[in-house]
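Some notes on the structure that comes next.
The values are calculated or read from the model by the stated rules, or taken from the named source; none is laboratory data. Note that the structure is predicted; figures quoted are calculated from it, not measured. Don't worry about glycine lacking a Cβ; one is built from the backbone with ideal geometry, like all the others, and counts go over all protein chains shown. When the accessible area is computed, the model is the full protein with side chains, heavy atoms only, and any ligands, DNA or RNA have been set aside. Shrake-Rupley method; radii C 1.70, N 1.55, O 1.52, S 1.80 Å.
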Amino acid sequence: MDNDKLLKTNERIDQLYSQDVQIIQNPNCFAFSLDAVLLADFVRPNKKRQAKIVDLCAGNGAIGLFLHQKLGGHFTEVELQQPIADMAERTVKLNHLEERYDVLNMDIKDVYEKIPKDSADIVLCNPPYFPNNEHSQKNPNQALAIARHEIKTNLTMVVEKMSGLLKMNGRGYLVHRPDRLAEILTTLTSHRLAPKRIRFIHPKPDREANIVLIEAIKDGGDGGIRVVPPLVVNQANGEYGTEVQRLLYGDKK
């Protein structure tokens with residue numbers, strides 16, 4: 001199909017060259033950020049052909065699609081906002097991955113109506129980062145506000161559904177803000193998810209971390225958390241560091 005026929009008003013096609021994936025984006029509605037690339041890179045490889053992967057708060061499906069080579073099995077992308085779920089469906093078609101990906105346009109609070117509990121090997125989530133309270137400054141664009149603030153879901157709901165969907169010893173992956181780390185770890189452990197690996201992302205060498213990546217195992221043993229080496233996104237001169245360049249563009253020959 002002609003790629004232009006897959007696009008609607010204000011949409012464009014962006015490419016993640018390192019994974020040979022094209023993603024339909026609409027900056028007025030939803031566009032994936034570096035967070036999605038970082039979370040996909042953080043996920044451990046799993047080539048099981050029968051694996052079941054669920055991406056909650058999936059947006060336009062970017063994280064799941066970035067993993068099409070690293071993970072085997074079947075992906076289910078769950079996205080609340082209909083226009084964004086529609087972008088995800090068309091993005092799956094754009095990449096000719098219809099046999100491996102389904103998109104569910106639904107609220108994650110109802111996810112068990114479509115995906116059985118205790119059935120997923122891997123659950124991913126790039127949730128809204130910011131609490132929804134009277135002091136939070138929200139984007140006037142409702143679609144963007146819902147993507148960034150806990151208007152339609154929150155950390156507890158995300159973790160509850162992640163735990164409920166995972167099989168015993170299944171792995172959950174989350175990208176979030178370091179300033180909520182204590183709350184995140186408490187919420188994970190109270191929902192049978194044992195944090196096992198953490199990575200901090202720094203925007204520049206001399207800046208505090210502004211992103212944290214977390215891997216948890218359902219019903220995993222206590223202790224044994226590994227804090228792996230941090231990633232620095234930009235060099236002092238403002239250009240992407242070597243690792244981020246590799247994640248975006250692949251290895252230079």
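Full extension of the chain between residue 5 and residue 219 yields a length gain of 72.4 nm, computed as 0.36 nm times the residue separation minus the alpha carbon distance. Given R0 = 22 Å, the distance between the Cβ atoms of residue 47 and residue 20 translates into a calculated FRET efficiency of 0.80. Length gained on full extension, residue 239 to residue 227, computed as 0.36 nm times the residue gap minus the Cα-Cα distance: 1.8 nm. Computed per residue of the chain from DSSP H runs no shorter than four, each worth -39500 (n - 2.57), the mean residue ellipticity at 222 nm is -7500 deg cm²/dmol.
For the set 113, 99, 160, solvent exposure ranked by accessible area (probe 1.4 Å, protein chains only) runs largest to smallest as 99, 113, 160. The calculated FRET efficiency for the pair residue 192 and residue 33, based on their C-beta separation and a Förster distance of 25 Å, comes to about 0.25. At q = 0.12, 0.14, 0.16, 0.18 Å⁻¹, what base-10 log of I(q)/I(0) does the Debye formula yield for the chain when every alpha carbon is treated as an equal point scatterer in vacuo? Listed by q, the Debye log ratios stand at -0.69, -0.96, -1.29, -1.64. The convex hull drawn around the Cα atoms of segment 73-114, when projected onto a plane and averaged over every direction, covers 2.9 nm². Placing unit charges on each Cβ (+1 for Lys and Arg, -1 for Asp and Glu) gives the chain a dipole about its Cα centre, and among 190, 111, 88 the Cα reaching farthest toward its positive end belongs to 190. Between residue 154 and residue 12, the simple label model (points 7 Å from Cα in the Cβ direction) yields a spacing of 3.6 nm.
Protection proxy ranking of 212-218, 170-176, by the mean of other Cβ atoms within 10 Å over each peptide's residues and highest first, is 170-176, 212-218.
Among 242, 156, the order of accessible area from largest down is 242, 156, computed with a 1.4 Å probe on protein heavy atoms.
Per-residue extension of 0.36 nm, minus the Cα-Cα distance of residue 74 and residue 206, leaves a gain of 43.5 nm for this segment. Using a probe of 1.4 Å on the protein chains alone, the accessible area found for residue 197 is around 30 Å². Each residue was assigned an accessible area with a 1.4 Å probe, and for residue 52 the value is about 80 Å². Compactness ratio for segment 1-107: Cα radius of gyration over 2.2 N^0.38 Å (N = residue count) comes to 0.99.
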